[in-house]
Every structure is written in C-alpha cells, then in structure tokens.
2 protein chains.
Amino acid sequence: MNKTYQQYAKKELKTELESLRKKYKSYQNRALQLNMSRGKPCPEQLNLSMDMMSVLSRGDDLHCEDGTDCRNYGVLGGIEEAKELLGAMIEVPADNILIFGNSSLNIMYDSISRSMTHGVMGNIPWSKLDCVKFLCPVPGYDRHFAITEYFGIQMVNVPLNEDGPDMDMVEHLVSTDPDVKGIWCVPKYSNPTGITYSEETVQRFARLKPAARDFRIYWDNAYSVQHLYEDKQDYLIEILGECKRAGNPDLVYKFTSTSKISFPGSGIAAIAASLNNLQDIRKQMAVQTIGHDKVNQLRHVRFFKDLDGITQHMKKHMEILRPKFELVESIFEEDLAGLGAGTWTKPRGGYFISFDAVPGCARNIVSRCKKAGVDLTPAGATYPYGNDPNDSNIRIAPSYPSMHDLETAARILTLSVRIETIKSILQPMI
Amino acid sequence: MNKTYQQYAKKELKTELESLRKKYKSYQNRALQLNMSRGKPCPEQLNLSMDMMSVLSRGDDLHCEDGTDCRNYGVLGGIEEAKELLGAMIEVPADNILIFGNSSLNIMYDSISRSMTHGVMGNIPWSKLDCVKFLCPVPGYDRHFAITEYFGIQMVNVPLNEDGPDMDMVEHLVSTDPDVKGIWCVPKYSNPTGITYSEETVQRFARLKPAARDFRIYWDNAYSVQHLYEDKQDYLIEILGECKRAGNPDLVYKFTSTSKISFPGSGIAAIAASLNNLQDIRKQMAVQTIGHDKVNQLRHVRFFKDLDGITQHMKKHMEILRPKFELVESIFEEDLAGLGAGTWTKPRGGYFISFDAVPGCARNIVSRCKKAGVDLTPAGATYPYGNDPNDSNIRIAPSYPSMHDLETAARILTLSVRIETIKSILQPMI
C-alpha cells in the first residue's frame, strides 16, 4: 500500500509536485481539445439508431392501428402505440402516460411553469405564494436545479446516500414544511453518483405524508434502461404503483424519454402520473399545442416494436459504453489509488462517474484540466446554485470521447487531481 | 334579383320553410358524418410531402454544413440551414430567428407564459400585475384567445376590417392603456376572414407608441405562403424590418411554422424578433430544453432545399385547395345569393371562409348542421370567451373533406342557414 499524500513529508511532496508538473506541461504543449463535460452519446451510439431513418419511407402507410393519420393534426396525448411502448419501458399502463416532444426536461419545465401560473390540481398557483421550496438530493443534475432556480424556487440540499436521499430528512421536511412543493429525483443510475434508490427508499417515498397538498415527487427516470453490465443490473421498484398501493396515487410525476436510447435531440419524451394528475396536465396541454410530433412517435414504435426491441438495443449501447467507464476507472485506480487524493464511483449504469476530490480542490482541478484542454462539467454544477459547500464533487462523463481521447483526458484529470491535492496540503505548511 | 327573405310574406316564408325542412330531413336520414370544423389539410395535401419520409435514410450523413451532428444534443436555437430556410420564407435574416419544435402555437404559449412568470426584457412579470389586457381583432383565431384566457388575461375586442384591425382604436388603446401588453394578429389570409393587412395598417403597427414598455405585437404568420390563386396573391409588408425602420425594433414577435406546408403535427416552427428579444427568449429556452429536434429541421432543409422549393410545393397545395374553396363559394352563391340570409368571404389564401349569418342565427345554424351530421367550428369560437355579441360569425374550413363530402356539407349548411334565417324572421311575427 502507498503512503497517502497526507503522509508524505514536505520535501517528498515538493519533489512529487515538480515531477507531476513536468508531465502536465507536456500535455499542455499538445494543445488538446477534449470534452468530458456532458452526458452525450458518442457517434458510434448514434449509429445504432440509423435504421430509424429508413423505418418510415415515402410509400409507407403512416396511420396508427386506430386509424389516426400520424401526419395530420390531433391526438393531444400521443398515439396509443407510443404510450404502450414507453409504458412497457417504465412499467406503467399506457393510460397513465402522456407523450410530449423530444425532451423530458421540457416536460419538467412545463410542469413547474404550470404549477407557478395555475397551481397543481386546483391548489393555489405557486406564483401567489411567498415561498416555494424544492428538496434537492446532492450531488444531483444541474439542469434540474436550473429550472427551480429560474422560477425563484428555494432549493434545499438533502444528502444523497448509497441507497437514495437521506429519507429521515426528506420525511421530516416534507411532512412539516408546507412550502416544500417538490423533490428532484434521478432514482436509477443517478446523475452523477450512479446509485439506485433501494426498495425501502422508494417505499418511504410512496408513503410520504406531505404538509403541502400540492407536493409532488419529480421522478426523472432518465437512465432506467441504461445499464453497463448484463449481469450486474440495478433494480428499482416502480413508484407509481407503489404510491397507489400506499394510498397516495397523486404523489408523483414520473418522466422518461428515449434521448439516451435513440437520438438525444430527436427522441420522444413522456410523463407518467395518476389519471387525476394527467387530467390536470391535459388542461394545459390543450391550450399549449394541438399535439406533438406523431410521425416521430410512429417512427420509434416501428423501429423498436416492443420492450424487447428496446432491451436488445440497449445491449448495444452497453457494449460501447462499458469499455469507456472501465478505462476511466482503471486509470483512476492506477494513478490515484491509495494516494488520499479522492474517491470515485463505479456505477453499473447511467452516464457518469462521480469524483470526490479532497475538499477545496474541485474548482482548481477543473480549471487546471481546462488549461490543458480538457473540459469538465464546472465544479459545483452538481449542487443547487452551483455551490458545492465542500468544493469537492466533479462529474465525469466518459461517453462521448473516443477511447484514445478518453485515456488522454483521464490522465490529464488524474494529474490535475494529484497536483491540486499536493498544493492543498502544502498550502497550510507555508 | 330574388326577393330577400325579409321581403317575403309570412305565408311565403312558411311554405319555403316547409319545403326546406323536407330537404333537411332527407339529409338527416342519411346519417352523415362530415367535418368542416378545423383548418386541417386533406390526405392529398399530406401526400405532397411523403418524399420527406425518404429524404434522410440510414446511410446518410446527418451533419450540418457547420459540422453539427444533428442526431446529438445541442444547438439551442436551431440549425443554421433551417434558420435560413424559414428566414427566406418570412423575409427576415437568419440571425433574427429561433427554431423550436413542431408547433408555433406552443411558442406563442411559451411567450405568454414566460411574460407571466419572468416578464418581458426586464419588465415586471405579468403575474405580479393586477390587470393585463390583450387586444383581439375579431373575428379571430380561437386558439389565440384560448391562451390569453388560460392566463387570465383580459381580452378586448377590436373590429377587424378589410385592411386589418381598426387602427384608430388600436393606436388609442395601445398608447393610453399601460395594461395593454399585446395584440393577436394573423396578418395575411387572416383566420377566419382571409383578409390581409394593408401596407398602411402594417406601417401604423410599426409606429405604435405603446404606453407599456413590454407591449408586443403577436404576429402569427401562419398562412404567409398559403395562396389559392397564382395570379391573385395578397402582399404583406414585412413587419420586423418596418418596426426597425420606425425605431421600434423590439415591438414584435413574429411566428411561423411549416404546419400548413409539410405535415401539420410534424413540421418545424419558429419565432422571429429583434436580437434583444431573442436574447430574452434564449434565457428561457436554455433552462427549458437542451435543444429541439434537429433531425427534423435537417429533414425539412434537405426536402425543400430553399425558398423556391417551398414556393413550388405551395403551388401543389394551391391546386388541391382552390377547387374546394370555389365549390363552397359556388354553392353559397347558388343557394344563398340575394336571400338576405348572410354574407361570406371569398379569400385569396388561408384555410377559411368566414360566414356572417343574420344576427342571432349562428348558434342555431351550427347546431342544426350538427344534427344532420356536419361538424362546424362552434359558433362564437372566433370571438374571445366564445362570445360573438351578434351570434353571427361562422368559420368554415373546406380543406379536409373530399369534394363529394364538401358538396354535401355545404348544401346542408346553406339549408340550415335558410331554415334558421326564416325562423328568426318568423319569430317576432308570432
């Protein structure tokens, strides 16, 4: 076992720093441009869906089974076949689904926006309230936090553990504070830590007794089928059914999309919820649009056919993604293990590796990477208001770069981690 | 020249009514199901764009000219090529355009919703104001009115004349009442009357001096290329440039889409506005979505290629639509001319014929048509709150039915018009 940097003598640290800086300099001289900042599929993954471009062609009949002409106006909540396909994927009946456009983020935005201007199922619009709060398990997804921040909703950090958010804290806040109107959740292969909520966590969610009648769980099922290992898959129990059984049928909005399955910008997205909630949402939808893109819904249905089609397709994604995750993990292991320079997750799915640096180092590491041509998600981004109180968490997205670029980027990252860790230890010594 | 019904003796009217009722009964016995309610393209029109289904195929390169992979995340405001195509169509520079999803109605909804929650270019959010008003030229588009009603915005009727809204009234209200934050306009081949705003009207719009700094003209250019006659096309001057020249660059939001060009539910939609406005809108967009469907944008660009491609395509729509409009107009002429039973428009473009019945008859006519199996837009729909003060206007959409069905539907309509007109004359006599 190595000594950790914390156990090094000052002189040893300085020698080590000198040597690391030389290596860093040589990378810097290469004027690289590498990007591990966003959970973006790589071109090889996009190629997996190229047959979708030919699944509808000029001679085809674009009618649904029920006779709907997908090319024309109409069908507010999406075609039946698409509801069934996504329903099967997220384990809810087709009747509990509304299909939207290409972006589940947009559905989440619309849900919050509607709650602000019109309230939730007859409750007072949030814009009329002095204070609205959302619980934010941290680290979490920056785009969730951006929506609540945009609407002036006060965000309250809740620690995210290995089995989900700290449920004692969630239960306490939700049941005692009527200002708490929602909680952001990425329950499976969470962004960025990769954890999946345990059965007990989901059951405690379903049994929440909110002080606010218009409290909703924002359950973002973005990575429900995004596994990295055939034989080591996480299992998440289905929240909608669990809420119903717990006598809380209206408690949850569940979001999904095919962004990580077909094409990120050209997939289909959906919300699943109780019939009461869907009726409430439909009132807005009916004013907002005549209907979303049914041709693209049909294209997805004819390409994937059924859940098995999706499952088979996701294995191909898995084969492309897994080596990238394993490469980064092995470089971390090789360059950082035992040094006391940080810890990292080894997810079984999703799009991210979450790295926790020595407190106070994350911003410097990200900035040092950038100076050597490696873009990472900004430090702090995984916390509300971009404020990581420990300045420790860094989200790493290994999906997009090629294996070759990824190796270089990961090496620059570990180098930057080691340099900044040593500097942080030396700092108080000076 | 016939006598008008108003000039008939009571006995003559009763005989006429008797005979019309017999004809009506015979239609009723046929248990028809015909629909002239919505501006919906017919299957033959949709077939015109079927090649679009094959314009992208599995072997194609889906990159833009600037190297963007259209299949992946990114490019918030739309691909450059799509901005140029729609820009050419609505006569604004590509830089003044943002491309959204499939629905311009959705962009309008989002614009109002954003103004409610965040205000317009730094002004106070409308949700914080006691009163917000929109001017509504009438008759107008029911879905516009539905948006403003949904947000509790007070709608003020303004008469729509042959050359556009009553501009004396518009100028007076906009310049004196700071609660007036917007006006709904369909400036070309207006829905439902088919009129196009005159050069003077547009210039007066561009020269408005609003009492409210956050007043915007909502310029819905839905039918800009929807002409019915090659040799009789309306000409609308371009409002964005006109506003700029008038020193009011931020005064207008201009909306367009390809809903009536390619596929109604699967087209692309856009907003055009000043750079200041677009910057304001982008702030919302950046929170709302990672980007809209770029593959569909590329599909449209590769299919239409350029403005000339759109122009050629619209001639094919014209050839399908014109006979339908002419059929309805000829039946109106044949069955109603000289009877004093109503007046109707003979539009040169757009999707509607606007029929003005004898005051007090519209609801009864629509309901009588329905009982004989002909669905029309509900009477009143062309007015805010569904309230036509004269109960006179009926919007007729001839695009969807086949020529055969259209003839039957139009005959049932004229029959219903004549019956209800006679009844309304007989009523006070009893």
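The values are calculated or read from the model by the stated rules, or taken from the named source; none is laboratory data. None of these values were measured; they are calculated from a predicted model. Here Cβ is always computed from backbone atoms with ideal geometry, including for glycine, and neighbour counts include all displayed protein chains.
Touching a helix residue (DSSP H, G or I) at 6+ places or on another chain (Cβ under 7 Å) and closer than 22 Å to B:Gln33 by Cα: which single residue out of B:Arg395, B:Arg418 fits that description?
After applying the criteria, what remains is B:Arg418.
Does A:Asp66 satisfy the criteria of being surrounded by fewer than 14 Cβ atoms within 10 Å (Cβ to Cβ) and within 30 Å of A:Lys315 (Cβ to Cβ)?
no
Across the range A:263-280, which residue is surrounded by the most Cβ atoms within 10 Å (Cβ to Cβ) among those that are more than 9 Å from chain B (Cβ to nearest Cβ) and touching a helix residue (DSSP H, G or I) at 6+ places or on another chain (Cβ under 6 Å)?
Kept after step one, since they are more than 9 Å from chain B (Cβ to nearest Cβ), are these residues of the range A:263-280: A:268-280.
Narrowing the set further to residues that are touching a helix residue (DSSP H, G or I) at 6+ places or on another chain (Cβ under 6 Å) leaves A:268-272.
Values: A:Ile268: 31, A:Ala269: 23, A:Ala270: 29, A:Ile271: 24, A:Ala272: 28.
Applying the filter and picking the extreme gives A:Ile268.
Look through A:Val202, A:Val225, A:Val287 and report the one residue that is hydrophobic (A, V, I, L, M, F, W, C) and under 16 Å from the mean Cα position of the chain (by Cα).
Values: A:Val202 fails: under 16 Å from the mean Cα position of the chain (by Cα); A:Val287 fails: under 16 Å from the mean Cα position of the chain (by Cα).
Exactly one residue qualifies, and that residue is A:Val225.
Is it true that some residue in the range A:24-35 is touching a strand residue (DSSP E or B) at 6+ places or on another chain (Cβ under 8 Å), closer than 26 Å to A:Ile268 by Cα and away from chain B (no Cβ under 14 Å)?
Among the residues of the range A:24-35, not one is touching a strand residue (DSSP E or B) at 6+ places or on another chain (Cβ under 8 Å), closer than 26 Å to A:Ile268 by Cα and away from chain B (no Cβ under 14 Å), which makes the answer no.
Could you check the range B:166-257 for strands (runs of 3 or more DSSP E) lying wholly inside it with 1 or more residues that are buried (at least 19 other Cβ atoms within 10 Å of the Cβ) and hydroxyl-bearing (Ser, Thr, Tyr)?
Where strands (runs of 3 or more DSSP E) fall fully within the range B:166-257 and carry at least 1 residues being buried (at least 19 other Cβ atoms within 10 Å of the Cβ) and hydroxyl-bearing (Ser, Thr, Tyr), they are B:216-220, B:252-257.
Identify, by number, the condition in (1) more than 28 Å from B:Asn72 (Cβ to Cβ); (2) part of a loop (DSSP other than H, G, I, E, B); (3) in contact with a Leu (Cβ under 8 Å, 6 or more places away or on another chain) that A:Asp66 doesn't meet.
Only one criterion in (1) more than 28 Å from B:Asn72 (Cβ to Cβ); (2) part of a loop (DSSP other than H, G, I, E, B); (3) in contact with a Leu (Cβ under 8 Å, 6 or more places away or on another chain) is unmet by A:Asp66, namely (3).
Go through the range B:93-123 residue by residue and tally those that are within 14 Å of chain A (Cβ to nearest Cβ) and either touching a Ser or Thr at 6+ places or on another chain (Cβ under 8 Å) or without any contact (Cβ under 8 Å) to a residue 12 or more places away in the chain (or both). It would help to see each step written out before you state the result.
Taking the range B:93-123 first, the residues within 14 Å of chain A (Cβ to nearest Cβ) are B:99-119.
Going one step further and asking which of them are either touching a Ser or Thr at 6+ places or on another chain (Cβ under 8 Å) or without any contact (Cβ under 8 Å) to a residue 12 or more places away in the chain (or both), we end up with B:102-106, B:109, B:112-113, B:116-117.
So the answer is 10.
Can you name the residue in the range B:74-92 that is in a loop (DSSP other than H, G, I, E, B) and under 19 Å from B:Asp308 (Cβ atoms) and, of all such residues, is nearest to the other protein chains (Cβ to nearest Cβ)?
Taking the candidates together, the pick is B:Val92.
What number goes with the only condition from (1) within 10 Å of chain B (Cβ to nearest Cβ); (2) touching a residue at least 24 places away in the same chain (Cβ under 8 Å); (3) assigned to a helix (DSSP H, G or I) that A:Met53 does not pass?
In the conditions (1) within 10 Å of chain B (Cβ to nearest Cβ); (2) touching a residue at least 24 places away in the same chain (Cβ under 8 Å); (3) assigned to a helix (DSSP H, G or I), A:Met53 misses (2) alone.
Could you tell me whether the range A:155-164 includes any residue that is touching a Leu at 6+ places or on another chain (Cβ under 7 Å) and more than 21 Å from A:Thr377 (Cβ to Cβ)?
yes
Within the range A:264-287, is there a residue that is in a loop (DSSP other than H, G, I, E, B) and among the acidic types (Asp, Glu)?
No - not one qualifying residue is present in the range A:264-287.
Taking the residues in the range B:286-320 that are among the polar types (S, T, N, Q) and surrounded by 16 or more Cβ atoms within 10 Å (Cβ to Cβ) as candidates, determine which candidate is farthest from the other protein chains (Cβ to nearest Cβ).
Checked the range B:286-320; the qualifying residue farthest from the other protein chains (Cβ to nearest Cβ) is B:Gln297.
Of (1) modelled with pLDDT under 95; (2) under 25 Å from B:Val202 (Cβ atoms), B:Ala270 satisfies all except one. Which?
With respect to (1) modelled with pLDDT under 95; (2) under 25 Å from B:Val202 (Cβ atoms), B:Ala270 is out only on (1).
For B:Ile396, all conditions in the list (1) under 28 Å from B:Lys260 (Cα atoms); (2) hydrophobic (A, V, I, L, M, F, W, C); (3) out of contact with any strand residue (DSSP E or B) (no Cβ under 7 Å at 6 or more places or on another chain) hold save one; what is the number of the exception?
The one condition B:Ile396 does not meet is (3).
In the range B:356-390, how many residues are buried (at least 19 other Cβ atoms within 10 Å of the Cβ) and either in contact with a Cys (Cβ under 9 Å, 6 or more places away or on another chain) or closer than 26 Å to B:Asn29 by Cα (or both)? Steps first, please.
Let us first name the residues in the range B:356-390 that are buried (at least 19 other Cβ atoms within 10 Å of the Cβ), namely B:357-358, B:361-362, B:364-366, B:368-369, B:372, B:374, B:376-377, B:379-384, B:388.
With either in contact with a Cys (Cβ under 9 Å, 6 or more places away or on another chain) or closer than 26 Å to B:Asn29 by Cα (or both) added as a condition, the list becomes B:357, B:361-362, B:364-366, B:368-369, B:372, B:374, B:376-377, B:379, B:383-384.
Of the residues in that region, 15 qualify.
Just to be sure, is A:Arg71 crowded, with 20+ Cβ neighbours inside 10 Å, of a type in the set (D, E, K, R) and within 12 Å of chain B (Cβ to nearest Cβ)?
Considered against the rule, which asks whether it is crowded, with 20+ Cβ neighbours inside 10 Å, of a type in the set (D, E, K, R) and within 12 Å of chain B (Cβ to nearest Cβ), A:Arg71 comes out as yes.
Which of the residues that make up the range A:9-41 are assigned to a loop (DSSP other than H, G, I, E, B) and touching a helix residue (DSSP H, G or I) at 6+ places or on another chain (Cβ under 7 Å)?
Matches in the range A:9-41: A:Leu32 only.
When you go through B:Lys83, B:Lys11, B:Lys40, B:Lys25 one by one, which is the residue that is of a type in the set (Lys, Arg), surrounded by 14 or more Cβ atoms within 10 Å (Cβ to Cβ) and more than 21 Å from the chain's Cα centre (by Cα)?
So the residue among B:Lys83, B:Lys11, B:Lys40, B:Lys25 that is of a type in the set (Lys, Arg), surrounded by 14 or more Cβ atoms within 10 Å (Cβ to Cβ) and more than 21 Å from the chain's Cα centre (by Cα) is B:Lys83.
Quick check on A:Lys283: is it more than 30 Å from A:Lys346 (Cβ to Cβ), surrounded by fewer than 24 Cβ atoms within 10 Å (Cβ to Cβ), within 11 Å of chain B (Cβ to nearest Cβ) and not hydrophobic (A, V, I, L, M, F, W, C)?
yes
What do you reckon, is B:Gly152 out of contact with any Cys (no Cβ under 7 Å at 6 or more places or on another chain), without any contact (Cβ under 8 Å) to a residue 60 or more places away in the chain and part of a loop (DSSP other than H, G, I, E, B)?
Judged against the criteria, B:Gly152 is a match.
Considering each of A:Leu98, A:Leu105, A:Leu135 in turn, give the residue that is part of a helix (DSSP H, G or I) and more than 14 Å from A:Asp214 (Cβ to Cβ).
On inspection, the qualifying residue turns out to be A:Leu105.
For residues in the range B:93-150 being among the aromatic types (Phe, Trp, Tyr) and crowded, with 22+ Cβ neighbours inside 10 Å, which is nearest to B:Ala379 (Cα to Cα)?
Within the range B:93-150, the subset among the aromatic types (Phe, Trp, Tyr) is B:100, B:109, B:126, B:134, B:141, B:145, B:150.
Applying the additional criterion that residues be crowded, with 22+ Cβ neighbours inside 10 Å yields B:100, B:109, B:126, B:134, B:141, B:145.
On the way: B:Phe100: 32, B:Tyr109: 24, B:Trp126: 31, B:Phe134: 22, B:Tyr141: 13, B:Phe145: 14 Å.
So, considering only residues that are among the aromatic types (Phe, Trp, Tyr) and crowded, with 22+ Cβ neighbours inside 10 Å, the one nearest to B:Ala379 (Cα to Cα) is B:Tyr141.
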